[in-house]
1. Going residue by residue through region 23-43, is there one that turns out to be at pLDDT 85 or above, outside any loop (DSSP other than H, G, I, E, B), loosely packed, with under 10 Cβ neighbours inside 10 Å and not hydroxyl-bearing (Ser, Thr, Tyr)?
2. Pairs, please: C-beta under 8 Å, at least 6 apart or cross-chain, first residue in contact (Cβ under 8 Å) with a residue 12 or more places away in the chain and farther than 15 Å from THR18 by Cβ and in region 29-43, second part of a loop (DSSP other than H, G, I, E, B) and among the aromatic types (Phe, Trp, Tyr)?
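The values are calculated or read from the model by the stated rules, or taken from the named source; none is laboratory data. Predicted model, so just to flag it, every value in this text is computed and none were measured. When we count neighbours, we look across all protein chains shown, and the Cβ atoms used for this are built from the backbone with ideal geometry, even at glycine.
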Amino acid sequence: MEDHPFRPPVPSGNIFGTWTFNQDQYFNPSDPNFSFANLKGATQFQASFPNLQREMRNHSYAAYLTDEWKPAAGLTLNLGLRYDLQTGIWDEWVNFACPKRTTAS
C-alpha cells in the first residue's frame, strides 16, 4: 500500500483485553493440564480499540418548507417539502464515481 499524505498512521489498541485477578494463579496455555476454567476471581477486564479515523471531506445541505392551510372549520391541510444534498461523499481511495484505471506494464 502506498503512502498517502492524508492517511493517518494506524493506531494500536488492546483488542483482546487484559484480565485482572485478585490473586496470582497458574497460567500456562502450553501445558496440556492447564484449563482456563480453573482461573477464578477475575476482578476486572479492560480492552481498548484503536480510534477509527477517516478523511472524507463532504458537505451536507438541507432545506424544509412547510405550510398549513385551513380551508374549512374541521379540515386542516399540511404540506411539507424537503430537499437534501450531499457533496463529496466518496473518498479518494474508493471513488466509485471515477475509478482509477491502471495499465499493465
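1. no
2. Hits for this filter: ASN38/TYR26.
Residue-wise test of (1) at pLDDT below 65; (2) farther than 30 Å from ASN28 by Cβ; (3) outside any loop (DSSP other than H, G, I, E, B); (4) touching a His at 6+ places or on another chain (Cβ under 8 Å).
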position	(1), (2), (3), (4)
PHE45	no, no, yes, no
SER48	no, no, no, no
ALA63	no, yes, yes, no
ASP67	no, yes, yes, no
ASN78	no, yes, yes, no
ASP84	no, yes, yes, no
ASN95	yes, yes, no, no
